[in-house]
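The values are calculated or read from the model by the stated rules, or taken from the named source; none is laboratory data. Just so it is clear, the model here is predicted, and its values are computed rather than measured. Note that each Cβ is placed from the backbone with ideal geometry, even for glycine, and that neighbours are counted across all protein chains shown.
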Amino acid sequence: MRLGVMILTRNGEGYDGRFPGKGMAELFGKSTTLVIIEKALSLKTDGVIMAIPDTRDSDVLRRLGEDAGIQVYQGDPVDILDRQLRAMRVADFDMALVWSGDCPLAMNRYNRPLINAALERGPDWWVVDLGKSYCPMEGSVGGVYSIQYFESLRKIADRDSWKPSQREQPNVHAHRTPGYDEELLKHTYSVELPNGPDKTKTDMKLSIDYPLELAVANKVCRYLGHLPESMEEVDLAYRSIHSL
């Protein structure tokens, strides 16, 4: 079984007016995308592939990925489901930790348990995640998905003739399909972290969708002197910054 990391990102222009150029915005001295690439490589999986839109503004991301020595797949700018499935096939992954470009603060101390659990259980599990009890950690951790998961979404999309806008958010629209949630639950394994969810809460929004959120993330990194490595560090820095 091959398990790798798929970085799903774009540079913001044209399709995400909230933060143009987000993929190359600076976080603690490096672009947000390079931060994610380096973290992904340090996991030492079977490979890393970056799935980006086939658009001119994504060329800078393609060059960044190639310079870092990872695979890059460029596909449909709107049909994210198709882009993810094709990237999985190009990389020959059975399972992949999917890392959103919105989440450069995601931490490997939480991603590694997901990868270990996925390797132990295999691709018959469509999803390996931290479960709903860790919702406050959104943006600090990814999820491991099997190629069967993406193929199951593709079948629903083709059967129900999803519009491009629906294929841009496949998870959201799949949950509106009768019976899908029950089927997904049968194939989902949730990992419990040793310290439990009580040690992983913070008031800071960890995913970066707007320039202001990036500014806050940079303040946290400067306070710590490094990229945060735990939710406890994030919470400490965030509370300290707001008390000044």
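List of remarks:
- Members of the range 92-127 that are surrounded by fewer than 23 Cβ atoms within 10 Å (Cβ to Cβ) and among the small types (Gly, Ala, Ser): SER100, ALA117, GLY122
- The range 1-34, subset basic (Lys, Arg) and farther than 19 Å from MET88 by Cα, residue modelled with the lowest pLDDT: ARG18
- In the set ILE52, ILE80, only one residue is of a type in the set (Val, Ile, Thr) and either in contact with a Ser or Thr (Cβ under 9 Å, 6 or more places away or on another chain) or over 17 Å from GLY23 (Cα atoms) (or both); that residue is ILE52.
- Matching option when the condition is touching a Leu at 6+ places or on another chain (Cβ under 6 Å), under 21 Å from ILE147 (Cβ atoms) and modelled with pLDDT of 95 or more, among ALA51, ALA40: ALA51
- Candidate set: the range 163-191, residues that are hydrophobic (A, V, I, L, M, F, W, C) and without any contact (Cβ under 8 Å) to a residue 12 or more places away in the chain; chosen: the one farthest from LEU114 (Cα to Cα): VAL172
- Single condition ARG63 does not satisfy, out of (1) within 17 Å of the chain's Cα centre (by Cα); (2) part of a helix (DSSP H, G or I); (3) over 22 Å from ALA217 (Cβ atoms): (1)
- Screening MET50 against (1) in contact (Cβ under 8 Å) with a residue 12 or more places away in the chain; (2) over 25 Å from LYS205 (Cα atoms); (3) not small (Gly, Ala, Ser); (4) not in a loop (DSSP other than H, G, I, E, B) leaves a single unmet condition, (2).
- Residue within the range 27-50 that is more than 17 Å from the chain's Cα centre (by Cα), surrounded by fewer than 19 Cβ atoms within 10 Å (Cβ to Cβ) and over 21 Å from VAL141 (Cβ atoms) present: yes
Table: residues versus (1) aromatic (Phe, Trp, Tyr); (2) touching a Leu at 6+ places or on another chain (Cβ under 8 Å); (3) surrounded by fewer than 13 Cβ atoms within 10 Å (Cβ to Cβ); (4) modelled with pLDDT of 85 or more.
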{"position": "MET137", "(1), (2), (3), (4)": "no, yes, no, no"}
{"position": "ILE156", "(1), (2), (3), (4)": "no, no, no, yes"}
{"position": "PRO170", "(1), (2), (3), (4)": "no, yes, no, yes"}
{"position": "LEU185", "(1), (2), (3), (4)": "no, no, yes, yes"}
{"position": "LYS205", "(1), (2), (3), (4)": "no, no, no, no"}
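- Close pairs from the range 22-36: first touching a residue at least 40 places away in the same chain (Cβ under 8 Å) and part of a helix (DSSP H, G or I), partner crowded, with 19+ Cβ neighbours inside 10 Å and aromatic (Phe, Trp, Tyr), Cβ under 9 Å, at least 6 apart: ILE36/TRP99
- Between ARG86, ARG109, the distinction of being part of a helix (DSSP H, G or I) and more than 19 Å from ILE52 (Cα to Cα) belongs to ARG109 only.
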